[in-house]
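Inspection log for the structure reproduced underneath, given as structure tokens.
The values are calculated or read from the model by the stated rules, or taken from the named source; none is laboratory data. Every value quoted in this text rests on a predicted model; they were computed, and no experiment measured them. Note that we place each Cβ from the backbone using ideal geometry, even for glycine, and neighbour counts take in every protein chain shown.
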Amino acid sequence: MPANLTPDYFKAEKWFKQAATDEEKILALEEMMRVIPKHKGTEHMRADMRKKLSALKESAEKKKKGLQHGFDIFHIPKAGAGQVVLLGLPNSGKSAIVSSITNAKTQVADFPFTTNAPIPGVAQFEDIKIEIVDMPPITVEFAPAGIVNAYRNCDLIGICIDLSGDIAEQVKICLNFLEEKRLIADENNPLGKKCFVIATKADLSTTEQIDELKKLLAKPFEIVPICADDSDSLEIMLTAIFRLLEIVRVYAKKPGEPADMKEPFVLHKGATVADLAISIHRELAEKLKTARCWGRNVHDGQNVHKTHILCDKDIIELHFA
Ligand SMILES: Nc1nc2c(ncn2[C@@H]2O[C@H](COP(=O)(O)OP(=O)(O)OP(=O)(O)O)[C@@H](O)[C@H]2O)c(=O)[nH]1
Ligand SMILES: [Mg+2]
């Protein structure tokens, strides 16, 4: 059944989209609820609005309390081997990703501004955990105050572009935001963050949209097309995330005992045997004498120096004095 929305409704929705504060959003949403035609065709929309309104009121309340205690909702404690923070316009599919691959309870809805606070979730990739953070959306006029903190402290930014929407507009808004805040890592901005593009709703698109996206990206960002219902595409995304995080997994082994293959140590690419020893125990590291390595670039059990650079999945046996 069609929704048959009225000009009054669209006016209120426009107000809502441009609202800069939770309080204003609440007022606009209440107006939308007042003027929306009340029949079966708008039942879902009205249910979404009610949920959204109560979430907004709760968040406004929390923010008020938080501010009293100097609490920053955009400071997201790190968990797992790396933190990926999503960026995108309303309805671009951010919550659907977090909801599909993590334990976090996110709200997915065919309604803009569904998410109004960051929600971190933890995804399993092979034998490690990767944190994926759902975020409130940004628009051409508005980004929540303080949102930039979440991007400044993360390890990787996942720019979500809805392939079924206006690709050029989304790319422009996301890149402007990132460039304005100097968030993109490059030779002139070593403090920036690595970014990649998650091309969402691939099920609603063809290669034409991907080609358009490629042409629009001024920087050579990696593009991973996904569909929130397709676990294979999400696994490919996690594999790309693992590579972009530039980390290695290393399994420690005590002499005469098998390696602990369950809990790898996660280190930055380029880390050495000495770095591994430090991450196990700083004081013990000073007593490190020799090490043996089983892995990609060595013979099994080869003696290696403290300065030996670790590869992903190396097994290292440490000998202390
Ligand atoms: N067909 C299809 N629909 C999707 C996909 N991912 C998300 N959607 C739909 O797109 C709408 C918006 O998804 P959300 O995940 O809530 O979008 P969001 O980016 O979190 O939106 P905000 O919270 O407003 O920023 C919902 O109706 C989803 O069901 C997808 O891969 N394919
Ligand atoms: Mg959302």
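So, LYS62, is that one more than 11 Å from ligand 1 (Cβ to nearest atom) and in the same structural domain as LEU216 (by TED's automatic domain parsing) or not?
Working: more than 11 Å from ligand 1 (Cβ to nearest atom): yes; in the same structural domain as LEU216 (by TED's automatic domain parsing): no.
No.
Determine which member of the set ASP203, ASP186 is more than 18 Å from the chain's Cα centre (by Cα), free of Cβ contacts under 8 Å to residues at least 40 places away in the same chain and within 16 Å of ALA96 (Cβ to Cβ).
On the way: ASP186 fails: within 16 Å of ALA96 (Cβ to Cβ).
Going through ASP203, ASP186 in turn, the sole match is ASP203.
Cβ-Cβ below 7 Å, separation at least six or inter-chain, first residue in the range 6-18 and within 14 Å of MET49 (Cα to Cα), second in a helix (DSSP H, G or I) and of a type in the set (Val, Ile, Thr): which pairs?
Every condition considered, the pairs that remain are TYR9/VAL35; ALA12/VAL35.
Please indicate, with yes or no, whether at least one residue in the range 132-147 is out of contact with any His (no Cβ under 6 Å at 6 or more places or on another chain), within 15 Å of ligand 1 (Cβ to nearest atom), closer than 30 Å to TYR251 by Cβ and not polar (S, T, N, Q). Let's see the steps before the verdict.
Within the range 132-147, the subset out of contact with any His (no Cβ under 6 Å at 6 or more places or on another chain) is 132-147.
Cutting the leftovers down to within 15 Å of ligand 1 (Cβ to nearest atom) gives us 132-144, 147.
Of the ones still in play, those that are also closer than 30 Å to TYR251 by Cβ are 132-133.
Keeping just the survivors that are not polar (S, T, N, Q) gives 132-133.
Yes - at least one qualifying residue is present in the range 132-147.
Does the range 108-125 contain any residue that is among the hydrophobic types (A, V, I, L, M, F, W, C) and free of Cβ contacts under 8 Å to residues at least 12 places away in the same chain?
no
Can you pull out every residue in the range 109-146 that is more than 30 Å from LEU267 (Cβ to Cβ) and away from ligand 2 (no atom under 14 Å from the Cβ)?
Within the range 109-146, VAL140, GLU141, PHE142, ALA143, ALA145, GLY146 qualify.
Considering each residue of the range 164-181, count those that are part of a loop (DSSP other than H, G, I, E, B) and either within 16 Å of SER95 (Cα to Cα) or within 18 Å of the chain's Cα centre (by Cα) (or both), and give that number.
So the answer is 1.
Restricting attention to the range 224-258, report how many residues are surrounded by 16 or more Cβ atoms within 10 Å (Cβ to Cβ) and out of contact with any helix residue (DSSP H, G or I) (no Cβ under 6 Å at 6 or more places or on another chain).
The qualifying residues number 14.
Which pairs do you get when a residue that is within 13 Å of LEU89 (Cβ to Cβ) and in a loop (DSSP other than H, G, I, E, B), found in the range 134-156, comes within reach of a residue that is of a type outside the set (A, V, I, L, M) and within 12 Å of ligand 1 (Cβ to nearest atom), reach meaning Cβ atoms under 6 angstrom, with the pair 6+ apart or on two chains?
These pairs meet every condition: MET135/PRO118; PRO136/THR115; PRO136/ASN116; PRO136/PRO144; PRO137/PRO90.
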